[in-house]
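Q: Input: one structure, supplied below.
The values are calculated or read from the model by the stated rules, or taken from the named source; none is laboratory data. Note that the structure is a prediction, hence the values are computed from the model and not measured. With ideal geometry, Cβ positions are generated from the backbone for all residues, glycine too; neighbour counts draw on all protein chains shown.
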Amino acid sequence: MADKSNGTPAIASIAKITAGTKGAAARQKILAFSSLVLLIIAFSLLSPNFFQPYNLIAIMLATAVNGVLAIGVTFVIITGGIDLSVGTMMTFTAVMAAQTVAVWNLPVILGVLMALFVGTICGLASGVMIAKFKLPPFIATLGMSMLTKGLSLIIAKSKPIYFTNAPSFAKISMGSLFPFMKDFQIPNAVIILFGLAILASFVLNSTIFGRYTFAIGSNEEAVRLSGINTDRWKIAVYAVNGLICGIAGILIASRLNSAQPALGQGYELDAIAAAVIGGTSLSGGEGTILGTIIGAFIMSTLTNGLRILSVPQEWQIVTTGIIIIFAVYVDMLRKRR
Amino acid sequence: MKKRTVILALALMLVAAASLAAQTYYIPLISKGFQHQFWQAVKEGALKAAKDFNVNITFEGPESEAMVDKQIDMLAAALAKKPNALGFAALDSKAAIPYLQQAKAASIPVIAFDSGVDSDIPLTTCATDNVAAAAYAADKMAELIGGAGEVAVIVHDQTSRTGIDRRDGFVNRIKSKYPKITIVSVQYGAGDHLKSTDLAKAIIQAHPNLKGFFGANEGSAIGVLNGVKEMGKIGKIVVIGYDSGAQQIAAIRSGEMAGAITQNPVGIGYKTVEYAVKALKGEKFPKFIDTGFYWYDKTNIDDPKIKAVLYQ
């Protein structure tokens, strides 16, 4: 796995840069995890309808898309960047998948590959703008967000595209690999979320790609001075994020059995919130996939639980806001120590 | 420790909220939105019916009408609460079908409202009869222009149910009842103010003798109004609008617009709950419930009944 051309001294210095953040991240993970458990216990005590197989599956399904987007954006945030285009990029990949399958009548597998390809290209473009043309990530990805939103509307002619000719497409999200569990059929979307999380966690912790992701976020200049082409790695991170947006696009299109071109704006903020609740630092160099997944689950559990308790919608929003602020505040307190 | 106390406080808040729910029928309404004044008026009507029929309701909708998946999550959570009945206004009927089938399997009666649900699962749909409302606008137009002359129409689109119904309601009434009135043009402006303005100006340019102009939704009506204004034809062309909104209300007050049709969102909410209760009692009713509409102009705009259904 190691990049031979850079030699061991570079690796060693990067290890030094990233050292000391692991323990802190672990603590945040434990904190986030215990909050999630507390939330589940509280809601279960408050309503008999909460801890039911049907509702737990509803929560997991509600987490799937945001969770996948949050995994992608976690990579970007760890490099010290941000991606405001993940929501609309997801929509664009969904529209392209629908265009391939429902309009051009090509096989489902080509629709899936199209979504992944388009996502990767969009991410790559953002990465080039940021790394090569030195645009601030905030601006570059804001532009990409509008660009993909507009293209989605143009290609879909501002109307949803339905997968009426390909009933198997819906199975990608809503079918179940384990149909034998009668009352607790976990939809594929959830299995894909967990599978991706495990894979992303491995990439982040055990590959050179992951190590450079952290290193760039901790001290980009030091990494550059140790002879590493940081631009190339940064572009790769944005491209991987785009690819993951493609996965989210497939999941949402398959769940809704249609590509909804107007959807997507605002989803990037949910994804960023999930990463931050899970302990990913917006200043870069710190974060874990497990934390992000827990963050995404905290958000969806909270939303679902408040709905189950019939809390008025306005107060649901207030409560979610308070939890996000609180989670980040606790994270800051922990770092100050 | 601190975090735990906050969570405890939150939990207490939730207990308080949950304990308000008594042991009566529970009917969640999943709408297409909740912030917009229109949906707030629907909610108000639903709450009034909840009080009158002694049932519990909740009213939820996504933040924007694009968020189809968020609405589906709301529907899933509502069904997890094992409701007695369900009110639903689908953003995308096809995406919601699996959940409606679940409701059907669990014998939960579904009442569709507003634009309804494209499926045979809902027992009925409580919505505005747009054909009847637009036909009434045609009657008013005939009355105001003296039963003869040229009129034009701008509609938001030719694909949505409301667009088709309002166009046909108006056009067919004129054709069948007022032979001396000719409809010289029907154009589509996507409900966009600017686009509708340009269309209106072009139509007025082409038809200098135009006596009346109908805009079939808020954006179209404002476009028509702007066009008439910019061409210096205020007072010469009778403008009739649809729905409300601050600009339209102001134009009606000043007399620049003769009047407009408004839907009755309060009635939509009320009837949805009323028919859900009827369904629970096993009563039979038709597949479509007209929730009514109002004509409003300078003379009745401050009537409390009208004021309640207008939104800025």
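Q: For segment B:124-136, does any single residue satisfy the condition of being surrounded by fewer than 20 Cβ atoms within 10 Å (Cβ to Cβ), touching a Gly at 6+ places or on another chain (Cβ under 8 Å) and hydrophobic (A, V, I, L, M, F, W, C)?
A: yes
Q: Step by step: first the residues of segment B:108-120, then only those that are in a loop (DSSP other than H, G, I, E, B) and at pLDDT 95 or above, then the one that is farthest from B:Ala46 (Cα to Cα). Which residue is that?
A: Restricting to residues being in a loop (DSSP other than H, G, I, E, B) and at pLDDT 95 or above, the top hit is B:Ile108.
Q: So, in segment B:83-122, how many residues would count as being over 23 Å from the mean Cα position of the chain (by Cα) and touching a residue at least 12 places away in the same chain (Cβ under 8 Å)? Give the steps one after another, and end with the answer.
A: To start, the set of residues in segment B:83-122 that are over 23 Å from the mean Cα position of the chain (by Cα) comprises B:83-84, B:98-99, B:101-108.
Among the residues that remain, those that are also touching a residue at least 12 places away in the same chain (Cβ under 8 Å) are: B:83-84, B:99, B:101-104, B:106, B:108.
Result for segment B:83-122: 9.
Q: A:Gln316 fails exactly one of the following numbered conditions: (1) in contact with a Ser or Thr (Cβ under 7 Å, 6 or more places away or on another chain); (2) touching a residue at least 40 places away in the same chain (Cβ under 8 Å). What is the number of that condition?
A: Condition (2) is where A:Gln316 drops out.
Q: Here's another thing I want to ask about it. Select from segment A:48-60 the residues that are at the interface with chain B (Cβ under 7 Å from one of its Cβ atoms) and surrounded by 21 or more Cβ atoms within 10 Å (Cβ to Cβ) and write down the one among them that is farthest from the chain's Cα centre (by Cα).
A: The extreme case among them is A:Asn55.
Q: For residues that are assigned to a helix (DSSP H, G or I) and more than 21 Å from the chain's Cα centre (by Cα), scanning just segment B:50-69, find the one that is farthest from the other protein chains (Cβ to nearest Cβ).
A: This residue is B:Asp52.
Q: Checking A:Ile109 against (1) of a type in the set (Val, Ile, Thr); (2) modelled with pLDDT of 95 or more; (3) touching a helix residue (DSSP H, G or I) at 6+ places or on another chain (Cβ under 8 Å); (4) under 18 Å from A:Ile172 (Cα atoms): exactly one of these is not met. Which one?
A: Single failed check for A:Ile109: (3).
Q: Taking segment B:268-290 on its own, how many of its residues are buried (at least 24 other Cβ atoms within 10 Å of the Cβ) and more than 19 Å from B:Lys104 (Cβ to Cβ)?
A: 4
Q: Additional query: Which numbered condition trips up A:Lys134, out of (1) touching a Lys or Arg at 6+ places or on another chain (Cβ under 8 Å); (2) not in a helix (DSSP H, G or I)?
A: Evaluating A:Lys134 over (1) touching a Lys or Arg at 6+ places or on another chain (Cβ under 8 Å); (2) not in a helix (DSSP H, G or I) leaves (1) as the failure.
Q: A further question on this structure: Residue by residue through segment B:270-289, note down the ones that are closer than 30 Å to B:Gln247 by Cβ and in contact with a helix residue (DSSP H, G or I) (Cβ under 7 Å, 6 or more places away or on another chain).
A: Matches in segment B:270-289: B:Tyr270, B:Thr272.
Q: When you go through A:Ile198, A:Ile235, A:Ile252 one by one, which is the residue that is more than 27 Å from A:Ser35 (Cα to Cα), part of a helix (DSSP H, G or I) and within 15 Å of the chain's Cα centre (by Cα)?
A: Result: A:Ile252 is the single residue among A:Ile198, A:Ile235, A:Ile252 that is more than 27 Å from A:Ser35 (Cα to Cα), part of a helix (DSSP H, G or I) and within 15 Å of the chain's Cα centre (by Cα).
Q: Can you name the residue in segment A:243-271 that is within 7 Å of another protein chain (Cβ to nearest Cβ) and in contact with a Pro (Cβ under 7 Å, 6 or more places away or on another chain) and is also surrounded by the fewest Cβ atoms within 10 Å (Cβ to Cβ) among such residues?
A: Among those that are within 7 Å of another protein chain (Cβ to nearest Cβ) and in contact with a Pro (Cβ under 7 Å, 6 or more places away or on another chain), it is A:Gln260.
Q: Condition check: in the same structural domain as B:Ala85 (by TED's automatic domain parsing) and touching a Lys or Arg at 6+ places or on another chain (Cβ under 8 Å). Does B:Tyr242 satisfy that?
A: Numbers: in the same structural domain as B:Ala85 (by TED's automatic domain parsing): no; touching a Lys or Arg at 6+ places or on another chain (Cβ under 8 Å): yes.
No.
Q: So, of the residues in segment B:77-98 that are surrounded by fewer than 21 Cβ atoms within 10 Å (Cβ to Cβ) and part of a helix (DSSP H, G or I), which turns out to be farthest from the other protein chains (Cβ to nearest Cβ)?
A: B:Ser93
Q: Could you please find all residues in segment A:148-170 being away from chain B (no Cβ under 12 Å), in contact (Cβ under 8 Å) with a residue 24 or more places away in the chain and assigned to a helix (DSSP H, G or I)?
A: Listed by number, the residues that qualify are A:Thr148, A:Leu151, A:Ile155, A:Ser168, A:Phe169.
Q: Another one. Please go through segment A:312-337 and give me each residue that is in contact with a strand residue (DSSP E or B) (Cβ under 9 Å, 6 or more places away or on another chain) and at the interface with chain B (Cβ under 7 Å from one of its Cβ atoms), ordered by number. Spell out the reasoning first.
A: Filtering segment A:312-337 down to residues in contact with a strand residue (DSSP E or B) (Cβ under 9 Å, 6 or more places away or on another chain) leaves A:312-313, A:316.
Residue satisfying the conditions is A:Gln313 alone.
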